[in-house]
């Protein structure tokens with residue numbers, strides 16, 4: 001059983017994970033798990049990741065540190081497990097002892113601060129506990145996994161925790177999206193973001209998606225941005241291997257062209273946050289001529305002075321201060337970026 005790429009990172013805190021473990025020990029009902037049958041005895045988890053990973057971590061008696069979640073997900077995907085040396089590395093994990101509220105005032109919860117090894121007689125109850133699961137298999141059309149993404153979306157959009165990109169990732173997952181995931185961990189991209197750790201809710205993946213959407217499909221832009229990115233993601237499912245490989249190389253050439261920029265080149269000078277509007281406009285403008293000829297961006301294509309001129313241009317600033325997703329403002333930013341940078 002594996003966790004697919006479109007799933008989000010592990011996001012539960014220690015208290016919430018502890019409540020699940022307590023429920024299992026006491027025999028209380030817990031939500032069922034949904035699995036998609038890829039092949040005989042091979043399953044992809046489409047709902048229940050947080051519960052399954054909480055149980056896994058409790059059995060291992062280690063709990064992942066919040067700031068290392070994204071990095072751990074990359075390690076998990078690469079190895080199909082958490083290697084023992086990582087699991088016992090205190091930089092990534094702390095000891096998993098149940099953190100539970102008191103049962104009554106001045107009456108400590110009997111399971112509080114216990115680990116799997118110190119459950120005593122309750123350990124057998126925990127080990128023998130079953131969790132209901134629903135197994136889904138798509139028979140028609142053969143070789144089509146569309147039902148998996150549709151069910152994932154329906155199970156998860158009823159809550160309030162998923163962000164737009166997390167939902168988009170489930171609905172429009174494709175080889176193009178796999179390329180975005182791989183690019184998101186590149187040191188050259190993390191340098192531009194001025195942030196080493198991938199975002200738990202995939203905001204950084206969405207920034208890359210916006211850049212490509214403005215490069216390829218800006219002429220079809222109309223509000224809202226969420227709908228535009230959804231429509232573009234749907235179109236990207238039709239891309240073939242050669243097209244995706246070229247886009248990956250184009251992005252790499254753009255990132256290499258940014259290598260000599262200061263690490264805060266795309267940050268807002270006032271609040272130090274990443275300026276998405278500046279990045280997507282610069283990316284579309286600089287990559288545009290190369291994309292039109294199926295070439296790559298030259299290493300000296302982006303200058304510090306040009307980027308600073310764009311970031312302080314009155315028309316560009318006016319188009320990103322109010323009504324930022326209005327069609328005229330999006331097009332104005334792209335036009336000014338082309339005029340200044342190209």
Going by the conditions given, is residue 192 at pLDDT 90 or above, touching a helix residue (DSSP H, G or I) at 6+ places or on another chain (Cβ under 6 Å) and farther than 23 Å from residue 294 by Cβ? no
Say whether the condition of being under 28 Å from residue 134 (Cα atoms), touching a strand residue (DSSP E or B) at 6+ places or on another chain (Cβ under 6 Å) and either crowded, with 17+ Cβ neighbours inside 10 Å or at pLDDT 90 or above (or both) is met by at least one residue in segment 152-163. yes
Counting only residues that are modelled with pLDDT of 95 or more and more than 12 Å from residue 340 (Cβ to Cβ), how many does segment 275-313 have? 18
Within segment 50-78, considering residues that are without any contact (Cβ under 8 Å) to a residue 40 or more places away in the chain and not in a helix (DSSP H, G or I), the one surrounded by the fewest Cβ atoms within 10 Å (Cβ to Cβ): 65
Provide a single number: the residues in segment 79-96 that are touching a strand residue (DSSP E or B) at 6+ places or on another chain (Cβ under 6 Å) and either surrounded by fewer than 19 Cβ atoms within 10 Å (Cβ to Cβ) or in a helix (DSSP H, G or I) (or both). 2
Okay, helices (runs of 4 or more DSSP H) sitting entirely in segment 252-342 with 1 or more residues that are farther than 25 Å from residue 223 by Cα, I get 276-292, 304-311, 327-341
Give segment 176-224 a look and list any residue that's surrounded by fewer than 15 Cβ atoms within 10 Å (Cβ to Cβ) and assigned to a helix (DSSP H, G or I), or say none. 178, 182, 187, 219, 220
Do we have residue 271 as over 27 Å from the mean Cα position of the chain (by Cα) and either outside the structural domain of residue 333 (by TED's automatic domain parsing) or at pLDDT below 95 (or both) here? no
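The values are calculated or read from the model by the stated rules, or taken from the named source; none is laboratory data. Bear in mind that the values here come from a model prediction, so they are computed numbers and not experimental data. Every residue, glycine as well, gets a Cβ built from its backbone with ideal geometry; the counts of neighbours run over all protein chains shown.
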